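First comes the structure, then the notes that go with it.
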Amino acid sequence: MYADDETVRRILQDTGDTWAVVGLSTNRSRAAYGVAEVLQRFGKRVVPVHPKAEPVHGEQGYASLADIPFPVDVVDVFVNSDLAGAVADEAVAIGAKAVWFQLGVIDEDAYGRTRQAGLDMVMDRCPAIEIPRLDARR
């Protein structure tokens, strides 16, 4: 288990509303597209991060986390596990407060480095699943 319910709640409710979604493109068939919609409905600003830097869901896209010209609270990672560790390291470097690895994205070393750097982190879970669970527990 790579995050307890308290950490999930803290990231979703208290950490901040600017979420960089790494791997978000205009491809509607990808999970990132639908999850980003849910995050927006929950009041989050979704910032697409993808090599094409396309606008998605009304927000300007950026090619990398380092290209985003404003603070990011949470970095939500939809890339292959082999690439996720580098993204987590970038999240630390840009001063993000938390990192969220999506379902199936697992890198235990990156989890340890990110936690050691003082960031909250969730791994192998989906905020679009966790948000309704939070609401149900209120």
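When every residue of segment 48-59 is checked against the conditions, at least one turns out to be outside any strand (DSSP E or B) and within 14 Å of the chain's Cα centre (by Cα). Residue 124 passes every criterion in (1) open to solvent by 50 Å² or more (accessible area, probe 1.4 Å); (2) touching an Asp or Glu at 6+ places or on another chain (Cβ under 6 Å); (3) not β-branched (Val, Ile, Thr) apart from (2).
The residue of segment 14-30 that is farthest from residue 68 (Cα to Cα), among those that are outside any strand (DSSP E or B) and either touching a strand residue (DSSP E or B) at 6+ places or on another chain (Cβ under 9 Å) or open to solvent by less than 70 Å² (accessible area, probe 1.4 Å) (or both), is 27.
Scanning segment 96-121 for residues that are of a type in the set (Lys, Arg) and either open to solvent by less than 70 Å² (accessible area, probe 1.4 Å) or without any contact (Cβ under 8 Å) to a residue 60 or more places away in the chain (or both) returns 113, 115.
Considering every residue within segment 125-132, establish whether at least one is outside any helix (DSSP H, G or I) and among the β-branched types (Val, Ile, Thr).
no
Evaluation of residue 41 against the conditions (1) within 21 Å of residue 134 (Cβ to Cβ); (2) open to solvent by less than 50 Å² (accessible area, probe 1.4 Å); (3) free of Cβ contacts under 8 Å to residues at least 40 places away in the same chain shows that the sole unmet condition is (2). Every residue in segment 70-95 that is open to solvent by 10 Å² or more (accessible area, probe 1.4 Å), closer than 18 Å to residue 50 by Cβ and in a loop (DSSP other than H, G, I, E, B), please. Across segment 70-95, the qualifying residues are 70, 78, 79, 80, 94.
Applying a threshold of 9 Å to beta carbon distances and a minimum spacing of six or more residues, or different chains, the list of pairs starting in segment 59-71 at a residue that is free of Cβ contacts under 8 Å to residues at least 12 places away in the same chain and ending at one that is surrounded by 13 or more Cβ atoms within 10 Å (Cβ to Cβ) reads 69/62.
Taking only segment 59-69 into account, find how many residues are open to solvent by 20 Å² or more (accessible area, probe 1.4 Å) and closer than 22 Å to residue 126 by Cβ. Count: 1.
Every listed requirement among (1) assigned to a loop (DSSP other than H, G, I, E, B); (2) modelled with pLDDT of 95 or more; (3) over 15 Å from the mean Cα position of the chain (by Cα) is met by residue 138 save one, (2).
The values are calculated or read from the model by the stated rules, or taken from the named source; none is laboratory data. No experiment lies behind these values; they were computed from the predicted model shown. Every residue, glycine among them, receives a Cβ derived from its backbone with ideal geometry; neighbour counts consider all protein chains shown. Note: accessible area is taken over every heavy atom of the protein model, side chains too, but ligands, DNA and RNA are not part of it. Shrake-Rupley method; radii C 1.70, N 1.55, O 1.52, S 1.80 Å.
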